[in-house]
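First comes the structure, then the notes that go with it.
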């Protein structure tokens, strides 16, 4: 298929924003985190950043929102860039088939998380990045600011406080892994970085630009290399198989792209060698994925034919 032009892409995003936004009525916001429960469920944004430097957007695509678990994809890349294959001794690469905060699976598997995108796996990423850099959150924030070209990327303090106050399940996961010898740093320190990392606020445009290294075989915005081509491929493959909680199979079936979602309502999806899409709609399905966001991505790949299949 020929590459769509500027007006075609902009018109497509406008169409998707108009068509997909009403699907939010089928979902509900993440009310178990009080600061997220008050977000307007009718918001909808979509942005596309292309590997040749163009950025398109429609709806609320410039409005910052809590990126939540989308941060895990970036943490994984930063750990792989510094530590390579050593990570996989502490966390698996298989879909979980269980909710993202499951304690049962972690206990059954003796403190080794099934993959780096469930909550237990993300705690391992933060723990390792802490050991490698001394400041997991600061390293991630600096990276996101540089790649998005937005020095204002920062933490939503209200969301961070809400996360910490209601983070008992994550604390249980961290303490269990510590009891199994699978944490290197103090539990309280790991949890603090985790809660604040999930509370980073970015817009669809910011996230689409920040993820371009995954569409560009590991090359950063300044042309330097973060990941090898193989590491970028592997990161994308884990996003495809594990990036949307326990509905990754359905997401792959409908959308056909590597993606990472967050309970703030955002989803980042990678179009290899073409660009990165980001959608935001806070109303979620029962598994924690944006209802309207998945719908928009499904329609995008259906209309353009741009998928990995």
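A short reminder: the numbers here are calculations on the coordinates, not readings from a lab. It should be emphasised that the depicted structure is a prediction, and the values quoted were computed from it without experimental measurement. Reconstructed Cβ throughout: ideal geometry from the backbone, glycine too, with neighbour counts over all protein chains shown.
Computed over the chain, the per-residue total of -39500 (n - 2.57) for DSSP H runs of n ≥ 4 gives a 222 nm mean residue ellipticity of -14000 deg cm²/dmol, rounded to 500.
Show log10 I(q)/I(0) for the range 185-278 at q = 0.16, 0.25 Å⁻¹, two decimals, from a solvent-free Debye sum over equal Cα scatterers. The calculated log intensity ratios at q = 0.16, 0.25 Å⁻¹ are -0.74, -1.24. Say a paramagnetic label sat at a point 7 Å from the Cα of residue 8, along Cα to Cβ; which residues of the range 26-59 have their backbone N under 18 Å from it? Taking a point 7 Å out along Cα→Cβ of residue 8, the residues of the range 26-59 whose backbone N falls under 18 Å are 48-57.
Among 72, 28, 260, the largest mean-square fluctuation in a Gaussian network model of the chain (Cα springs under 10 Å) belongs to 28. Computed from label points 7 Å out along Cα-Cβ, the spacing between residue 303 and residue 85 is 4.3 nm.
Scoring 277-286, 208-217, 105-114 by mean Cβ neighbours within 10 Å over their residues and listing the highest first yields 277-286, 208-217, 105-114. Given their separation in residues at 0.36 nm each and the Cα-Cα distance between them, residue 40 and residue 166 gain 43.3 nm when the chain is fully extended.
Averaging 1/r across all pairs of distinct Cα atoms in the chain and inverting the result yields a Kirkwood radius of 18.9 Å.
If you model the range 115-260 as an ellipsoid using its alpha carbon gyration tensor, with each semi-axis the square root of five times an eigenvalue, the axes come out at 25, 19, 16 Å, biggest first.
Between residue 98 and residue 152, full extension at 0.36 nm per residue minus the direct alpha carbon distance yields a gain of 15.9 nm.
Each residue, residue 32 and residue 15, gets one label point 7 Å from its Cα in the Cβ direction; the gap between the two is 3.8 nm.
Normalising the average separation of contacting C-alpha pairs (under 8 angstrom, six or more residues apart) by the number of residues puts the relative contact order of the range 205-307 at 24 percent.
Note on residue 222 and residue 188: the model spin-label points, each 7 Å out from Cα along the C-beta direction, lie 3.6 nm apart. Can you tell me which of 258, 116, 64 moves the most in a GNM of the chain? Springs connect C-alpha atoms under 10 Å apart. Taking springs between Cα atoms under 10 Å, the residue moving most is 64.
Taken along its three principal axes, the alpha carbon spread of the range 145-193 comes to 40, 23, 13 Å, from the longest extent down to the shortest.
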